[in-house]
Structure formats: structure tokens, C-alpha cells
Amino acid sequence: MKAFPDAAFPEKAATLERIREKVLDGQRIDAAEGLVLYECADLSFLGALANAVRERKHRNHTYFNRNFHIEPTNLCIYTCSFCSYSRRIKKREEGWELSLEEMLDQVKAFDGQPVTEVHVVGGVTPRYDLDFYCDFFKAVKSHRPELHLKALTPVEYHYIFHKARVSYEEGLERVRDAGVDSLPGGGAEIFDEALRDQIAGGKCTSEQWLRIHEIWHGMGMRSNATMLYGHIEQYEHRIDHMQRLRELQDRTHGFQTFIPLKFRNKNNEMAHIEEVSLLDDMKNFAVARIFLDNFDHLKAYWPMLGRQYAQLALSFGVDDIDGTIDDTTRIYSMAGSEEQRPSLQTAELIHLIRQVGRIPVERDSLYHPLHIYDGDGPEPKTAIFKDSFFPLPVESASQ
Ligand code: V47
Ligand code: SF4
């Protein structure tokens, strides 16, 4: 990646100073300035600026939740070259494809445990259609109505709506009525059309991904957004990706959190591409925090990054490290993550956050605080009253 030429040092310093003043003043930076941050700013500058933005929004609070995943199948009609998880339909014997009852059994396995969210994501297979998923969502809700259902990405929705010959609007209304509470951020990969074709050809386009989220937000619903980075893209593609998200967020305000996902290179067709360094990961979090001024939250997904790197990310703009997971996802262990059986007890998550001087806040899936662990002990200290159930105010959350 290009570095700023030495001869231009005074110009570089002046540009960075201008960006710093803008950001501290609460002004938005543009795409060219975002690129300058990637290309020229050193890590200490980025960390300090991103942390200032993060602390303005959330002070010292750091969010986590209690969740688990269901991955209904790893069979997939698509062949994304970064994917270590999917098995082609042709190699059916190497994959799994759960029945509705088996999926429901996975939900029931958490009966009596204080989880608040189930995240459903997997491959795209002809066996699962709109009716199948709606029946599953209804079954989950009738079994455990309060469990937040964060389910399926525009990749799956585009496919099942097309097959059912319904519009995005009608399809999304049907899944909402069946019980889906929010959409996870997956399937975004990288929006640049040429690159997307190269690494994720055939699945929903960038425009379709954004359109499905826009319609969902228009229904008053919330979703997340991801970006797969550290493969064949350049910094300008990352900025382009975040700019498209920022523009949509200006119109809808429906995204809750941005989750950069580091490309992991084991067991996939892109295994020859070296993974980016930890420094690039931290730089990426920081630039995202500074650039995406209209996103409330920035998440470091610890099963992908590893728990110590997730801790470090809390100094580079991150305010959320996702959840307990309980060893229910395979996507990252199959791609080479150090976290081979990702699972953390609530006490461990609290310890991870406290160890780096932050205050753990257990949240629900819409970022309402459930418990604030602002004492020293294992129990929450500040009580949250259910009848004043509101998110900690952004930009002025109290410590
Ligand atoms: O879209 C697949 C990524 C995503 C690899 O919304 C890979 O809270 C890196 O979106 N290296 C699915 N990444 C997971 C996802 C997600 C995860 C956690 C939280 C949320 C949320 C969403 O996983 C895919 C793809 O971008 N992925 N293979 C790989 N080898
Ligand atoms: Fe299928 Fe998703 Fe893997 Fe692509 S990333 S091959 S859509 S499971």
C-alpha cells in the first residue's frame, strides 16, 4: 500500500492536523481524507483520534451480549473464493443440512440459560425456501418468544424471495411477521463490483444487499453491516464500501453496528493471500470509527480476531465485542482462527473488558443496557429499571 513520500512531509502533517481538528470538532471527513488516514497516519495518531470519537459516543462503556449461533447448513450453491466453510452441493457427503426439528433442538438446548439472542446464518441451499424459514422462525418464537432472532443475510433473502416470486418488500414483511427481529451484517463482503465479482460472484449484488437493508430499515427494523477486508482489495475499496454504508445510514438510521471482518486464509481458494498484520487490523478499526460518524457502534468480533486482539481493538475505536457464542459457530474456526471452539462465559467477557480498563455493559440485541458492571465485583452495580428501558444516550453516556 502506498506510503506518503518523504518530500511531502509538511503537506502530510498539515493534512492530518486538518483532519484531527475536523474530527474533534464533530465534523465529517470525506473519502479523500479517509484515504489519507489509511495511507499516511501512524497508528498512535489513529488510535488517539478513534478513541476520542469512541469515548465521546460511549465514554468507557463496552458492550457484550449473551448469544449463540445456528448454522443450518454448510452446503451452498455459491462458491465465494474466501469461504472455508461451504461445501458444494455436489460434495453433499462432506456437509450438513439440518432439518427444522434439528434446528429447533439447538434452540431448546439453551432452555433455562440466560441467552438473549440467536444468530442464524449459513449456506444457500435449494432445500430451504421462504416457507421453511418462516416455519422455523415461528417455531422459535412460539418456543421462546423473548429470544431475539437475528437471522439471514440479503444473500439468503435475495435467493429465497426470488424463488418464491415475491418482492423484497413482501418477503421481508413475511419474515418479520414470522418473528425475525433484526438482520445480521453478513454477505456485504466488499461492495466494489469488480472485486465482488471476483471473490463472491453470483450472489446478491452490492446494490441488492444495500436495497434489502434499506427496505428493512424503512419497516422500522434494525440491522448490522460488515466488510470483509485484507484480501485483494485496496484501501480505496474499503473507503468506497464504508461510504456506501454511510450514505444509506444518512437516509435510514437503521444500522446499529459496523463489523470489519478480517479475511482468514485457511482452507479456501484464496489461501495463497497472506493475512494482513495486526497493525492493519487496528488501523482499519480506527479509520472505520472515524469515517463512519453516523454509526453508533463498532464491533470487534472476537471469534474471528481472537480474544487478545479484540481487547486491543478497544483502544482503536471499538465499543462492542459481541457475545458468549458458546461454541456454536464454525465459520472462523474452519478459516483458521486461533479460536477453534469459541465460547466465553459472561464472567470471562467481563474480565476481558475490565482488564483493559473499560466498563462492561451487557446489552440486548438493540443495545439497550441490561447490566452495567461498574463495580469491582462479579455483580452489576448500577441498577437498570425496566420501565425506563432505553439505550445509554449516544454522545453522552455516563460512566
Ligand atoms: O459474510 C466467510 C465472512 C460472514 C471468511 O451481524 C469470512 O453481528 C473472514 O456476517 N475470513 C458471516 N471472513 C459472518 C457475519 C457476522 C459475524 C459476526 C457478527 C455479525 C453480526 C455478523 O463471514 C460472511 C463473510 O464475510 N467470512 N469466510 C473468511 N475466510
Ligand atoms: Fe455460500 Fe456464504 Fe460461503 Fe459464499 S460466503 S460460499 S454465500 S456460505
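Structure notes:
- Verdict on ILE77 being buried (at least 17 other Cβ atoms within 10 Å of the Cβ) and either at pLDDT 90 or above or acidic (Asp, Glu) (or both): no
- Of the candidates VAL361, VAL356, VAL318, the single residue that is closer than 23 Å to VAL276 by Cβ, open to solvent by less than 20 Å² (accessible area, probe 1.4 Å) and either among the hydrophobic types (A, V, I, L, M, F, W, C) or modelled with pLDDT of 95 or more (or both) is VAL318.
- Verdict on LEU152 being among the aliphatic types (A, V, I, L, M) and at positive phi: yes
- Taking residues in the stretch 299-315 that are farther than 21 Å from PHE255 by Cβ and of a type in the set (S, T, N, Q), and partners anywhere that are modelled with pLDDT of 90 or more and assigned to a helix (DSSP H, G or I), the pairs with Cβ atoms closer than 7 Å and at least 6 places apart or on different chains are GLN311/LEU352; GLN311/GLN355; SER315/GLY47; SER315/ASN51.
- Any helices (runs of 4 or more DSSP H) falling wholly within the stretch 24-125 and containing at least 3 residues that are within 30 Å of TYR235 (Cβ to Cβ) and not charged (D, E, K, R): 31-40, 43-58
- Pick from the stretch 178-200, criterion touching a residue at least 40 places away in the same chain (Cβ under 8 Å), closer than 21 Å to SER81 by Cα and open to solvent by 10 Å² or more (accessible area, probe 1.4 Å), ranking: farthest from ligand 2 (Cβ to nearest atom): ASP192
- The residue that is most open to solvent (accessible area, probe 1.4 Å), among those in the stretch 263-294 that are of a type in the set (D, E, K, R) and farther than 19 Å from VAL36 by Cβ, is GLU274.
- Evaluation of ILE160 against (1) within 16 Å of ligand 2 (Cβ to nearest atom); (2) in a helix (DSSP H, G or I); (3) under 27 Å from GLY323 (Cα atoms) (one fails), failing number: (3)
- ARG174 meets the conditions (1) within 13 Å of ligand 1 (Cβ to nearest atom); (2) in contact (Cβ under 8 Å) with a residue 24 or more places away in the chain in every case but one. The failed one is (1).
Yes/no per residue for (1) away from ligand 1 (no atom under 15 Å from the Cβ); (2) out of contact with any Phe, Trp or Tyr (no Cβ under 7 Å at 6 or more places or on another chain):
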residue	(1), (2)
PHE263	no, no
MET270	no, no
LEU279	yes, yes
LEU298	no, no
TYR301	no, yes
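- The residues of the stretch 239-259 that are without any contact (Cβ under 8 Å) to a residue 40 or more places away in the chain and within 16 Å of ligand 1 (Cβ to nearest atom) amount to a single one, LEU248.
- Yes/no for VAL124 being within 16 Å of ligand 1 (Cβ to nearest atom), at pLDDT 95 or above and hydrophobic (A, V, I, L, M, F, W, C): yes
- Scan of the stretch 99-142 for residues that are among the hydroxyl-bearing types (Ser, Thr, Tyr) and either surrounded by 15 or more Cβ atoms within 10 Å (Cβ to Cβ) or in contact (Cβ under 8 Å) with a residue 12 or more places away in the chain (or both), ordered by number: THR116, THR125, TYR128, TYR133
- Whichever residue in the stretch 201-238 is of a type in the set (Val, Ile, Thr) and either in contact (Cβ under 8 Å) with a residue 60 or more places away in the chain or closer than 14 Å to GLU189 by Cβ (or both) and, among such residues, is least open to solvent (accessible area, probe 1.4 Å): THR226
- Answer from GLY47, GLY34 - the residue that is modelled with pLDDT of 95 or more, open to solvent by less than 10 Å² (accessible area, probe 1.4 Å) and either within 30 Å of GLN345 (Cβ to Cβ) or in contact with a strand residue (DSSP E or B) (Cβ under 6 Å, 6 or more places away or on another chain) (or both): GLY47
- Taking every residue in the stretch 8-21 that is open to solvent by less than 20 Å² (accessible area, probe 1.4 Å) and pairing it with any residue that is of a type in the set (D, E, K, R) and at pLDDT 95 or above, at least 6 positions away or on another chain, the pairs with Cβ-Cβ distances below 6 Å are ILE19/GLU33.
The values are calculated or read from the model by the stated rules, or taken from the named source; none is laboratory data. Computed from a prediction, not measured in an experiment: that's the story for all the values here. For neighbour counting, all protein chains shown are included, and Cβ atoms are generated from backbone atoms with ideal geometry for every residue, glycine included. Keep in mind that these areas ignore ligands, DNA and RNA; they rest on the heavy atoms of the full protein, side chains included. Shrake-Rupley method; radii C 1.70, N 1.55, O 1.52, S 1.80 Å.
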